[in-house]
Amino acid sequence: MIEKQYNIKSSTGFARPARILVGVSTIYLSNLVLEYEGMSVELNYSPETIMDLMSLEIRPGAPFNIRANGTDELQALQYIEDQFSKMKLIH
């Protein structure tokens, strides 16, 4: 199991990052969980997951963690990092 902390710098909300996080669950086998202020959401491909992520109301610049557990956990977190960087959502 590995964990990485992120800070989204975008002030436009969390919809784009949420879409990336839900999409990664269709590519990788590892179990992915987002944790924010004592709450957690398991990342899987469903409309409920996007709603659960949006209900966390993650503010720009606020840190959150993504925990990955599985055979491709490193690749999954690297994909998230690459996508966030590509979309200029993180520093």
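See the values below:
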read-out: Per-residue ³J(HN,Hα) for segment 37-43, Karplus 6.51 cos²θ - 1.76 cosθ + 1.60, θ = phi - 60°, Hz, x for Gly and Pro; value: 6, x, 10, 9, 9, 6, 8
read-out: Relative contact order [Cα under 8 Å, 6+ residues apart], the chain, whole percent; value: 45
read-out: Around E42: net Lys/Arg minus Asp/Glu count, Cβ-Cβ under 15 Å; value: -4
read-out: Estimated FRET transfer efficiency when R0 is 22 angstrom, pair Q78-E57 (beta carbons, to 0.05); value: 0.25
read-out: Spherically averaged projected area of segment 2-86 from its Cα convex hull (nm²); value: 4.8
read-out: Total formal charge among the other residues, if their Cβ is under 13 angstrom from that of F84, Lys/Arg +1 and Asp/Glu -1; value: +4
read-out: Sparse-neighbour loop sites [GluC sites (Glu not before Pro); segment 11-87; at most 16 other C-beta within 10 Å; DSSP]; value: E37, E57
read-out: Relative exposure of L29, L77, judged by other C-beta atoms within 10 Å (fewest first); value: L29, L77
read-out: Value at 222 nm in deg cm²/dmol, rounded to 500, when DSSP H runs of n ≥ 4 in the chain each add -39,500 (n - 2.57); value: -11000 deg cm²/dmol
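Every number here is computed from the coordinates shown, using simple stated rules; none is lab data. Bear in mind the structure is a predicted one, so any value in this text is a computation, not a measurement. When we count neighbours, we look across all protein chains shown, and the Cβ atoms used for this are built from the backbone with ideal geometry, even at glycine.
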